[in-house]
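Here the structure is laid out as structure tokens; the discussion comes afterwards.
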Amino acid sequence: AKGQPDNRIAFFEQSMADEAYRKLVLEEDLRHALNNDELLLYYQPIVDCVTGRVSGFEALLRWNSPQLGMVSPLQFIRLAEETGLIIPIGLWVLQEGCAFLARLYRAGYVDMLLSVNVSIIQLLQSDFVESMWAIVRDAGIPPEHIAFEITEGLLMETFEANSEKLRLLRQRGMKIHLDDFGTGYSSLKYLQNLPVDLVKIDKSFIDELEGNEHTVPLVDSIIALVHRLGLQTVAEGVETGLQHSRLACFGCDRIQGYLISRPMPEEQVLPFLKEYKPR
Ligand code: C2E
Ligand code: CA
Ligand code: CA
Ligand code: CA
């Protein structure tokens with residue numbers, strides 16, 4: 001009725017205020033997380049389809065918050081990007097990842113590749129190349145053993161400058177992996193123009209390898225196409241033996257997923273490597 005407050009609007013405004021407040025609190029917490037050692041990396045193994053051996057690990061960020069418990073990156077990466085916190089966080093991730101790789105070396109695992117996720121916001125910084133390179137160089141590990149995973153998303157916007165930065169990293173030996181391939185709006189354009197070593201086929205395709213009859217020839221063709229461009233492939237989110245055998249049959253180079261292992265804290269990595277039997 002006229003003159004009465006609209007409850008739906010009042011409710012909406014309240015929930016927006018709650019949302020804004022929640023975000024503010026989360027931002028403040030995240031800011032402290034970095035300084036208080038609440039961030040940590042989990043590592044998920046990646047296996048070579050031909051040899052069956054572990055070829056490396058992907059570093060995946062976790063936030064162990066005293067208030068919130070273990071927080072998934074899906075819940076805070078966006079906020080970290082919006083606030084710019086992803087820049088110091090990203091540097092920390094690389095530093096921590098390089099230190100992990102150096103510890104693997106000392107334990108006798110000298111040919112592992114460590115993949116690190118890089119946000120487009122990091123890539124946009126003018127000192128991106130120098131700051132990343134400085135960390136890898138100071139860690140004393142071969143730059144060839146570090147791969148940066150870049151997601152298609154917004155890359156196209158400032159394409160020229162970004163691809164130049166990726167080229168400079170590659171010149172120094174580091175690898176560039178195109179993440180979540182097939183989900184962007186211009187995947188094939190990226191393949192044509194970006195300096196990339198490897199393509200990670202998105203989990204959504206792998207999920208459908210068993211159910212959708214069109215997905216089987218599609219994934220087969222993606223792998224063949226990527227190979228014809230002289231690049232390698234990783235399939236992510238492999239959960240079943242059937243998915244694995246189909247991918248192996250298509251010539252996929254490496255697989256990653258719960259079938260091999262979930263992401264694990266560092267203390268589980270050496271025991272995992274010692275016990276892992278190629279399937
Ligand atoms: P992503 O780069 O696509 O990473 C793969 C995600 O799939 C990880 O989720 C991993 O735990 C999950 N996963 C792997 N195998 C399987 C499987 O067999 N089944 C299922 N259901 N899931 C699987 P996670 O760790 O929650 O990370 C989510 C996303 O957060 C990542 O997606 C990445 O985009 C982002 N992220 C993680 N760490 C970082 C980081 O250090 N920096 C940045 N910028 N982003 C990060
Ligand atoms: Ca990734
Ligand atoms: Ca991915
Ligand atoms: Ca993904």
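Annotations
- Only one of the listed residues (Gln171, Gln232) is more than 16 Å from ligand 3 (Cβ to nearest atom), of a type outside the set (Val, Ile, Thr) and farther than 30 Å from Glu38 by Cα. That residue is Gln171.
- Wholly enclosed strands (runs of 3 or more DSSP E) of the stretch 170-279 bearing at least 1 residues within 16 Å of ligand 2 (Cβ to nearest atom), touching a residue at least 60 places away in the same chain (Cβ under 8 Å) and over 30 Å from Glu160 (Cα atoms): 254-256
- Within the stretch 143-153, tally of residues that are surrounded by 14 or more Cβ atoms within 10 Å (Cβ to Cβ) and at pLDDT 95 or above: 6
Every residue, every condition in (1) of a type outside the set (D, E, K, R); (2) closer than 23 Å to Lys203 by Cβ; (3) within 17 Å of the chain's Cα centre (by Cα), yes or no:
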| position | (1), (2), (3) |
| --- | --- |
| Leu94 | yes, no, yes |
| Cys98 | yes, no, yes |
| Leu101 | yes, no, yes |
| Arg106 | no, no, no |
| Met112 | yes, yes, yes |
| Ser115 | yes, yes, yes |
| Ile135 | yes, no, no |
| His145 | yes, no, yes |
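- Among the residues of the stretch 97-121, those that are farther than 21 Å from Gln44 by Cβ and surrounded by 15 or more Cβ atoms within 10 Å (Cβ to Cβ) comprise Ile120, Ile121.
- Residue match in the stretch 142-151 (condition: of a type in the set (Gly, Ala, Ser) and either away from ligand 3 (no atom under 16 Å from the Cβ) or free of Cβ contacts under 8 Å to residues at least 24 places away in the same chain (or both)): no
- Summed over the stretch 267-277, the residues that are farther than 15 Å from Ile46 by Cα and surrounded by 16 or more Cβ atoms within 10 Å (Cβ to Cβ) give a count of 0.
- Pick from the stretch 192-203, criterion surrounded by fewer than 17 Cβ atoms within 10 Å (Cβ to Cβ) and at pLDDT below 95, ranking: nearest to Leu113 (Cα to Cα): Pro195
- Residue check, Ser163 modelled with pLDDT under 95 and exposed (fewer than 14 other Cβ atoms within 10 Å of the Cβ): no
- Residue satisfying all of: in the stretch 204-227; farther than 21 Å from Ile150 by Cα and touching a Gly at 6+ places or on another chain (Cβ under 8 Å); surrounded by the most Cβ atoms within 10 Å (Cβ to Cβ) among these: Asp207
- Taking each residue of the stretch 83-97 that is aromatic (Phe, Trp, Tyr) and looking for partners that are in a helix (DSSP H, G or I) and away from ligand 2 (no atom under 16 Å from the Cβ) with beta-carbon atoms closer than 9 Å, six or more apart or interchain, yields Trp92/Leu34.
- Residue that is surrounded by the most Cβ atoms within 10 Å (Cβ to Cβ), among those in the stretch 33-48 that are within 29 Å of Asp111 (Cα to Cα) and of a type in the set (A, V, I, L, M): Ile46
- The requirement of being within 16 Å of ligand 3 (Cβ to nearest atom) and more than 30 Å from Leu39 (Cα to Cα) is fulfilled nowhere in the stretch 257-279; no residue meets it.
- In summary, Thr240 fulfils each of the numbered conditions (1) surrounded by fewer than 16 Cβ atoms within 10 Å (Cβ to Cβ); (2) farther than 30 Å from Leu39 by Cα; (3) touching a helix residue (DSSP H, G or I) at 6+ places or on another chain (Cβ under 8 Å); (4) among the β-branched types (Val, Ile, Thr) with the single exception of condition (3).
The values are calculated or read from the model by the stated rules, or taken from the named source; none is laboratory data. All of these numbers come straight from a predicted model, not from anything done at the bench. Positions of Cβ are backbone-derived with ideal geometry, glycine not excepted, and every protein chain shown enters the neighbour counts.
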